[in-house]
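The structure appears below as C-alpha cells.
Bear in mind that the values in this text are calculations on the coordinates, not laboratory data. No experiment lies behind these values; they were computed from the predicted model shown. All Cβ positions, even for glycine, are placed from backbone atoms using ideal geometry, and neighbour counts span all protein chains on display.
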Amino acid sequence: MNFVQNFPCFSIVLCMAAGIISTPMKGKTAKYMTLTVVSLVAVMSIATLSYVAATGESFVYVMGRYPAPWGNEIRAGVLEALLATVFALVMLFSLLGGMEHLFRVVDPGKINLYFILVDLLLSSLLAIIYTNDLFTGYVFVEINTIAACGLIMIRGSGRSLLAATRYMVMSLIGSGLFLISLAMLYDITGHLLMENVHTAIVHLVDTREYLVPLLVIISLSTVGLAIKSGLYPFHSWMPDAYGYAPASSSAILSGLVSKSYIVLLIKIFYRVIGFDIIVRSKIVNVLFVFGLIGMIMGSVSAIMAKDIYKMIAYSSIAQIGYVYMGIGLATREGMTAAVFHILTHAVTKSLLFVSAKGLTDASGNQKAYPALQGAAFRNPLAGAAFLVGSLSMVGIPMLAGFISKLLFATAALGADPKKTLVTLIVLAVSTVLNAVYFLHTVIRIYTPVNIPENVKGIHIHVKAGAAAALVALILLNFVLGLLSQPITDLIHAGIDMFA
Amino acid sequence: MGPNLWMNIEEIAAVILFGVGFTTLLLHKNMIKKIIGLNIMDTAVYLFLAAMGYVDGRIAPIVENGVTDAEVYINPIPSGLVLTGIVVSVSVTALMLSLTVCLFRKYHSLDLDEILIRMQKEELR
C-alpha cells in the first residue's frame, strides 16, 4: 500500500484532533493551528489527487479491522480528491479573508470556539466526501449541521440566533427524512457499505422486488438532502443565515456546507442506487423543475434585495438551482457541469462574501446600497475582487462562471430534447437577471462620491492575510476559467470511477 | 394486505409517529413543541430500526454463558445504528434547547413569531 493512501484518513483525523486540542487554547493559538491544519489538509488532498489521477483508479481504505461487508471504509477517487482540495483551499482563504472581521465581532473569550467549529466542519466535510458507508455519511451530515449552526450563531445577536434556529429546523427536517430513508434502505438491502447496497439493489430491480419501497427511499433521501442544501422552495433560512453571520461563516456556509450535501446526493445517485435506476425513477425531473424555478426566483429576489449580503445570499439560491438543473439533465455531461458549478460557486461565492465585507468596512459598516456608493475607491482591492466575482457569476469569458454556463448549455443540447429548449431559455434569462443585480452593485460601488460624513475619519488598510486571500481567490477563479479542460477531464474521470 | 398490515404493525406505528413528529417540528411556532416534535420524529426512526432488526424468539446480541452461535441472537447492527442515532439526536436536542434558552433570555418568549415581532421593535428603537 502506498503511503499516500493514508492521506484521506489522516486529514479527517487531523481536523478532528485539532478541534479537540483547541478547546483550552487562546484565540490566537487556535487560529494559527487551524490555519496550519487547513493548509496541511489542502496539501494532502493535492497529493491524493495527483496519486489517484496518476494511477487512474480509486482506492478503498479499510477503517478498523473488519473487511468489506461488515467494517467501515473510506474511498478516494479523482472526484473526491478534487473536491477535497478545492474545499480545503476555499476554507483556508475564506478564513484568512474574514479573519480581522471575525476578531472584531466575536467575543474574545469565544473566538477559540469558532476555530473548534471550523475544524469539526472541515473534518465532517471531508468525511462526507470520502466515506463509503451510508450511516457514517449520516452521522457526519449531522456534525456538519451542528458545526454550521455554531458558525451562524457565534455573534450571539438576536438576528443571528433566530437565523440559526431557522437553519436548524430546516436542516433537522432534512436529516430526519434522510435518516428514515437510510433505515428503509438498510431494511431492504441488509447492507450499509455503498458497493454492497448497490449490488443488492441491482438484484432487487432485476427480480422486480420491493420496487415501491425503493422509490420511497429514493424520493425521501433526495428530498431530505435537497432541503438541507437549500433547493428553491426550502431556501427560506438562507438569506438571514448568510446575512447576519460573520463574513467567513457566510463564505464557508454557502460555498462549502450546502455543497457537501449535493456531493453526498451525487454519491448516492451513482454509487448506491445506480444512475440508470435513478433516471428511470424520474426523481431527476423533479430536481430539474425545482432547479429551474430556483434559478429564476433566486435571481428575482436578489434584484429586490435591499443590501449587499442579502443580494449575495439570494444569488446562492439561484446557483444551487443551477447545480440541481445540471443533475436533472440526467446525463454524464449534465453531472459534469453540475460538479464544475459546485467548484465555481465555492470559489466565487467566498470571493464575493469576503470582498463585500471589505466594501462595507470601507462604508462605516453599513450594508445598504446607498452607503456603498464609491466603496471600491475607498478599498480598491475589495472592489476589484468584487468586480471579478460578479463578472464570473454573470459568465464573462476567462472566468470560472463562463465555463459553468458553457458546460450547462452543451449538456442541455445532449439531454432529453424536451429539456433542451427550456434549459437554454432559463439559462439565458437567469444570466440576464444575474447581470442586472451584480452589475447594478458593481456600478454602485464604482460611482465616485464625496466621502460621506460617517466614514471620513476611517482609514482602510487591508491586512496582508486578507489581501493574500482575495488575490488567491481571484487567481482560483482564473485557474478554473482558463484551465477548464484538464479540470473537466478530471471530473469526467471521477464520475466514471463512481459508476 | 390485511395480514401483512398486522405483521408490520410496529413499522406502521413508526411511520405514523414520524409523520406526527415531522409536522410538529415543521409547523409549530413554539420552540419547545418543535423540539418535542424533533424527538418524536427521531424516536420513530429508532422504533422502525429496532422493529426491523428484531427476530422472534431470539435474544439481545450480548454473549451470555459462552453461547457464540449466531442463530441465538438478533441482528446487532440495527441496535448499533439506534445507539449512534440516539447520540446524534441527544446532541442536536441539546443544541436546540440552548438556542431556545438564548432566545428566551433576549426576548422573553418561546413563540417564533412573537420573537420576530419583538426583534423588529427593538431594531426600530
Response to the item:
Phi-derived 3J(HN,Hα) across the range A:76-88 with the Karplus relation (6.51, -1.76, 1.60, θ = phi - 60°), rounded Hz, x for Gly and Pro, is 10, x, 4, 5, 4, 5, 4, 4, 4, 4, 5, 4, 5
Discussion item. Placing +1 on the Cβ of each Lys and Arg and -1 on the Cβ of each Asp and Glu in chain A, which of A:Gly328, A:Ser94, A:Pro486 has its Cα farthest towards the positive end of the resulting dipole?
Written reply: A:Ser94
Fill in: About the Cα centre, charge dipole magnitude for chain A (Lys/Arg +1, Asp/Glu -1 at Cβ), debye
1300 debye
Item to complete: Please work out the C-alpha center-to-center distance from the range A:381-402 to the range B:56-125 and express it in whole Å.
Response: 43 Å
Worksheet item: Over all Cα pairs of the protein assembly as shown, how is the pair count split among 20 Å bins, expressed in % and running from 0 up to the last occupied bin?
Response: 20, 55, 23, 2, 0
Item to complete: Counting only DSSP beta bridges with both residues in the protein assembly as shown, tell me the antiparallel percent, nearest 5.
Response: 90 percent
Item to complete: Please work out, to two decimal places, the log10 of the ratio I(q)/I(0) at q = 0.16 Å⁻¹ from a Debye calculation in which every Cα of the range A:282-499 carries one identical scatterer.
Response: -1.00
Worksheet item: Taking θ as phi - 60°, what are the ³J(HN,Hα) couplings along the range A:297-314 by the Karplus curve (6.51, -1.76, 1.60), each to the nearest whole Hz, with x for Gly and Pro?
Response: 5, x, 5, 4, 5, 5, 5, 8, 5, 8, 10, 5, 5, 4, 4, 5, 5, 5
Worksheet item: Using the per-residue mean of other Cβ atoms lying within 10 Å as a proxy for protection, in what order, highest first, do the peptides A:375-385, A:307-317 fall?
Response: A:307-317, A:375-385
Fill in: Gyration tensor (alpha-carbon) shape descriptor, the range A:44-109, a/c threshold 1.5
oblate
Worksheet item: Given H placed 1.01 Å from N in the peptide plane, which residues other than close sequence neighbours of A:Gly374 have an amide H under 5 Å from its amide H?
Response: A:Ile445, A:Tyr446, A:Thr447
Worksheet entry | Neighbour net charge for A:Leu95 - beta-carbon separation under 15 angstrom, K R +1, D E -1 | +4
Worksheet item: With a ≥ b ≥ c the root eigenvalues of the C-alpha gyration tensor of the range A:2-90, is it rounded (a/c under 1.5), prolate (a/b larger than b/c) or oblate?
Response: oblate
Practice prompt. State the dimensionless ratio Rg/Rh of chain B (Rg: radius of gyration of Cα atoms; Rh: Kirkwood radius).
Written response: 1.19
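Taking only DSSP H segments of four or more residues, each worth -39500 (n - 2.57), what value at 222 nm results for chain A once the sum is divided by all its residues, to the nearest 500 deg cm²/dmol?
When only DSSP H runs of four or more count, the value is -25500 deg cm²/dmol.
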Worksheet item: Normalised by the residues of the range B:2-124, what does the relative contact order come to in percent, with Cα pairs under 8 Å and at least six apart?
Response: 24 percent
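Can you tell me, using C-alpha contacts under 8 Å and at least 6 residues apart, the relative contact order of the range A:361-499 as a whole percent?
Rounded, it is 38 percent for the range A:361-499.
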Worksheet item: Where the centre of each part is set by its Cα atoms, how far does the range A:64-119 sit from the range B:16-32, in angstrom?
Response: 32 Å
Discussion item. Let me spell out the model: positive unit charges on the Cβ of Lys and Arg, negative unit charges on the Cβ of Asp and Glu, origin at the Cα centre of the range A:85-222. What dipole size does that give, in debye rounded to 20?
Written reply: 640 debye
Fill in: Gyration tensor (alpha-carbon) shape descriptor, the range B:2-66, a/c threshold 1.5
oblate
Fill in: Peptide A:157-163 - average C-beta neighbours from other chains (10 Å radius)
5
Worksheet item: A:Glu73's amide H: which non-local residues (gap 5+, or another chain) put their own amide H closer than 5 Å, with H modeled 1.01 Å from N in plane and none for Pro or chain starts?
Response: A:Met63, A:Asn132, A:Asp133
Response to the item:
Surrounding charge for A:Arg159, neighbours by C-beta under 14 angstrom, Lys/Arg +1, Asp/Glu -1, total +3
Worksheet item: To the nearest whole number, what is the average tally of beta carbon atoms from other chains within 10 Å of the beta carbons of peptide A:469-479?
Response: 0
Worksheet item: To the nearest 10 degrees, how steep is helix A:194-206 against the longest Cα principal axis of chain A, on a 0 to 90 scale?
Response: 50 degrees
Worksheet, complete the sentence: Ordered by fewest other Cβ atoms within 10 Å, a rough proxy for footprinting exposure, A:Ile46, A:Ile268 read A:Ile46, A:Ile268
Practice prompt. Convert each backbone phi in the range A:152-165 into a coupling constant with the Karplus relation 6.51 cos²θ - 1.76 cosθ + 1.60 (shift: θ = phi - 60°), then list the ³J(HN,Hα) values in order as whole Hz, x for Gly and Pro.
Written response: 6, 8, 4, 6, x, 7, x, 4, 6, 5, 5, 4, 5, 4
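How charged is the neighbourhood of A:Ala183? Take every other residue with its Cβ under 14 Å from the Cβ of A:Ala183, and add Lys/Arg as +1 and Asp/Glu as -1.
With Lys, Arg at +1 and Asp, Glu at -1, the neighbours total -4.
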Worksheet item: Which order results if A:Thr423, A:Thr360 are arranged by neighbouring Cβ count within 10 Å, fewest first?
Response: A:Thr360, A:Thr423
Worksheet item: Which order do peptides A:118-130, B:100-112 fall in by mean Cβ count within 10 Å, highest first?
Response: A:118-130, B:100-112
Worksheet entry | Fewest-first ranking of A:Thr23, A:Thr145, B:Thr93, using other Cβ atoms within 10 Å as the exposure measure | A:Thr23, B:Thr93, A:Thr145
Worksheet item: Relative to the Cα centre, what is the charge dipole magnitude of the range A:238-315, using +1 at the beta carbon of each Lys and Arg, -1 at the beta carbon of each Asp and Glu, and rounding to the nearest 20 debye?
Response: 240 debye
